[in-house]
Amino acid sequence: MNSTPQKSSSLLKTDCIGKCHRLKGYCSGCGRTSDEIFDWIILSDQEKQAILDTPREDANTP
């Protein structure tokens, strides 16, 4: 029996744009918190979508 681990496939990819700099606790590139970035790989699609849907008006304002 082949016991190759299965990767979890998510429809939602990270919204990282590769310009990370933390301002006021948020990434200036994607607007996520450090915890959201760190936990992204283990979050469900519903949790990811909730993060993506959360307004971050002040996240990128110095």
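Report the net charge of residues surrounding residue 49, where surrounding means a beta-carbon distance below 15 angstrom and charges are Lys +1, Arg +1, Asp -1, Glu -1. Numbers along the way, then the final one.
On the way: positive: 13, 32, 48, 56; negative: 15, 36, 39, 45, 47, 53.
Neighbourhood net charge equals -2.
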(message) Using only the heavy atoms of the protein chains and a 1.4 Å probe, how would 37, 42 rank by accessible area, largest first?
(response) 42, 37
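The values are calculated or read from the model by the stated rules, or taken from the named source; none is laboratory data. Worth saying up front: this structure is predicted, and the values here are computed from it rather than measured. We place every Cβ from the backbone using ideal geometry, glycine too, and count neighbours over all the protein chains shown. Accessible surface is based on the protein model in full, side chains and every heavy atom, while ligands, DNA and RNA are left aside. Shrake-Rupley method; radii C 1.70, N 1.55, O 1.52, S 1.80 Å.
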